[in-house]
Amino acid sequence: MNSRTNGERDAVKNNARNLAPIPLSKKPAAESFYPNRSVPGGAGKTACIRTFGCQMNVHDSDRMRRMIRDAGYAEVGRYEDADLIVLNTCYVRENAVDRVRGHLGEINRLKREGRVKKVALTGCIGAAQESQELERQYGVDLVLGTHNTYELAEFVGLPGMEETYTPELPGTEGEHSAFVTIMTGCNYQCSYCVVPSVRGRMVCRPMENVVEEIRRLVSSGTRYVTLLGQTVDAWRESGQRFCDLLGRVAEEAPRVWFTTSHPSNMEDRTLRLIGEKDTIVKRLHLPVQSGSDRMLKVMHRGYKSERYRRKIEVFREAAPDGTLSTDIIVGHPGETEGDHEETLRLVEDCSFDSAYVFKFSPRRGTEAAGLSDTVPEDVSQRRFVEVLRAVEQNAFRRNQRKIGSVEEIYVRHGRHGGGRNGEVGKAVGETWSGHAVHVPTDAEPGRYVTAKIEGAGPHVLYAGDPSGPPR
Ligand code: 5AD
Ligand code: SF4
């Protein structure tokens, strides 16, 4: 007898689907996605989408938002007002899972009170084995991984949906800035990382599909395009590489950025292109993870710190005013005090403008989770603080140098409301060098203002009143 429940069988099916991505079509046509739209299954109902994790999840949530809206649901912000809740989740570190458990507990209570009808668990947790346990424990109605997002359509009342590679699903349009997925999955096997097991192997989206989507977005009003993928610089298609794609995109969109990259794939010509092309934001996110060659080897990163340093030199030369950020993990099993010092040295040498620093989190099924020479929590915590402090000191020094310069600033978020003491809030923008700036303007998101930098903290610049109207 098969002892699995239906839920378990479905979850297993979803996992299998998730690791076998759907073949790419060359024909993205937003109109044909929902063939039976005449009877929207969600009319009169409400839905709430909550997103955890990276930009890729934010973008996937946008595709689900589009489906839910097309199905006739009205979007609400609070769980207690929603008939349907979608939790789009992250699995990269254990604290992300803990957060989702907390939300599921709360939602389960609302469901038992009859206030919430259905809950869907999607994204990276949905693709992991652990989703089976969560499904049972919290009465989840639908579990989806990252490759079968299209199945949500049927669930929300848009029947007849075909199997579709997730990046080809349309998101909401008409926004001033938009993400465009150029590849999914990852072919690396970093010791600590769960991504390859939940997002599968790399699949590159055809250049023509990417360009066609960007044209559509630009003509619907998008002024800022961010190319997305786990290792965008690994993108390739019949002899063309990421640099070729970036060059093409930079001709189509008025402002372009990309994330995230891998030092082993990053070509010097891409770094030079960032400096050369006016439409590319001069901001590079290049995760290093550690400054110790010994640790880079244990992590299977595939490069030495010297190679990383050389890449940074090329970038700094190509875009002297540009910003550089990275990811660093402290406390990976086997990390010694000497390794940690090497990381601090690299932070000093590369003079990062910002960094995401993480304490190692053991993930079930990864190589590092099985290693025995673990680093005690208090040691990890101290190293975490030391790396963070070193990054902030560098960033603060670099930001101070921007004081007095006049910058063209892209408004990302408009001014909202007053501050705590009734003072007027500021808009948040971005310079062409990739610095975040607070600027006193009423300009709408997607417009540019020009203003002088008058102050600087470790994370943000402060501009004075803009000269002239927004453009
Ligand atoms: N523990 C801590 N940090 C991790 N990251 C990925 N997996 C782990 C883990 N198990 C970090 C890496 C990666 C970023 C997205 O998350 O620094 O670049
Ligand atoms: Fe994870 Fe390494 Fe792939 Fe990045 S390159 S997603 S850290 S396996």
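The table for this structure:
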| quantity | calculated |
| --- | --- |
| Single unsatisfied condition, residue 268 versus (1) within 16 Å of ligand 2 (Cβ to nearest atom); (2) surrounded by fewer than 23 Cβ atoms within 10 Å (Cβ to Cβ) | (1) |
| Count - residues of the range 231-251 that are assigned to a strand (DSSP E or B) and within 16 Å of ligand 2 (Cβ to nearest atom) | 1 |
| Residue that is basic (Lys, Arg), over 18 Å from residue 195 (Cα atoms) and either within 16 Å of ligand 1 (Cβ to nearest atom) or free of Cβ contacts under 8 Å to residues at least 12 places away in the same chain (or both), where the choices are 383, 364 | 383 |
| Of all residues making up the range 252-264, the number that are of a type in the set (A, V, I, L, M, F, W, C) and either more than 17 Å from the chain's Cα centre (by Cα) or within 16 Å of ligand 2 (Cβ to nearest atom) (or both) | 2 |
| Criterion: in contact with a Ser or Thr (Cβ under 8 Å, 6 or more places away or on another chain), over 16 Å from residue 63 (Cα atoms) and within 16 Å of ligand 1 (Cβ to nearest atom) - qualifying residue of 199, 205, 223 | 199 |
| Set 180, 198: member being modelled with pLDDT of 95 or more and aliphatic (A, V, I, L, M) | 180 |
| Criterion violated by residue 372 - all others in (1) at pLDDT 95 or above; (2) out of contact with any strand residue (DSSP E or B) (no Cβ under 7 Å at 6 or more places or on another chain); (3) more than 16 Å from ligand 2 (Cβ to nearest atom) satisfied | (1) |
| Given (1) in contact (Cβ under 8 Å) with a residue 60 or more places away in the chain; (2) more than 21 Å from residue 151 (Cα to Cα); (3) within 16 Å of ligand 2 (Cβ to nearest atom); (4) part of a helix (DSSP H, G or I), index of the condition residue 208 fails | (3) |
| Criterion (out of contact with any Gly (no Cβ under 8 Å at 6 or more places or on another chain) and either within 22 Å of residue 299 (Cα to Cα) or surrounded by fewer than 22 Cβ atoms within 10 Å (Cβ to Cβ) (or both)) met by exactly one of 205, 236, 199 | 236 |
| Those residues of the range 329-339 which are within 15 Å of ligand 1 (Cβ to nearest atom) and farther than 11 Å from residue 288 by Cα, in sequence order | 330, 331, 332, 333, 334, 335 |
| Candidate set: the range 323-339, residues that are farther than 14 Å from residue 259 by Cβ and of a type in the set (Asp, Glu); chosen: the one farthest from ligand 2 (Cβ to nearest atom) | 337 |
| Odd one out for residue 80 among (1) part of a helix (DSSP H, G or I); (2) within 22 Å of the chain's Cα centre (by Cα) | (2) |
| Test result for residue 330, out of contact with any Asp or Glu (no Cβ under 7 Å at 6 or more places or on another chain), open to solvent by less than 10 Å² (accessible area, probe 1.4 Å) and either of a type in the set (Ser, Thr, Tyr) or farther than 22 Å from residue 356 by Cα (or both) | no |
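The rows are residues; the columns are (1) modelled with pLDDT of 90 or more; (2) within 16 Å of ligand 1 (Cβ to nearest atom); (3) over 30 Å from residue 221 (Cα atoms).
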site: 89; (1), (2), (3): yes, yes, no
site: 94; (1), (2), (3): yes, yes, yes
site: 121; (1), (2), (3): yes, no, yes
site: 141; (1), (2), (3): yes, no, yes
site: 146; (1), (2), (3): yes, yes, no
site: 149; (1), (2), (3): yes, no, no
site: 158; (1), (2), (3): no, no, no
site: 161; (1), (2), (3): no, no, no
site: 167; (1), (2), (3): yes, no, no
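Conditions tested, residue by residue: (1) surrounded by fewer than 19 Cβ atoms within 10 Å (Cβ to Cβ); (2) within 16 Å of ligand 2 (Cβ to nearest atom).
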site: 281; (1), (2): no, no
site: 286; (1), (2): no, yes
site: 293; (1), (2): yes, no
site: 308; (1), (2): no, yes
site: 312; (1), (2): no, no
site: 321; (1), (2): yes, no
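The values are calculated or read from the model by the stated rules, or taken from the named source; none is laboratory data. Treat the numbers as computed from the prediction; the structure is a model and nothing was measured. So basically every Cβ, Gly included, is an ideal-geometry build from the backbone, and we count neighbours across all protein chains shown. Side chains are part of the model used for accessible areas, which takes the heavy atoms of the whole protein and leaves out ligands, DNA and RNA. Shrake-Rupley method; radii C 1.70, N 1.55, O 1.52, S 1.80 Å.
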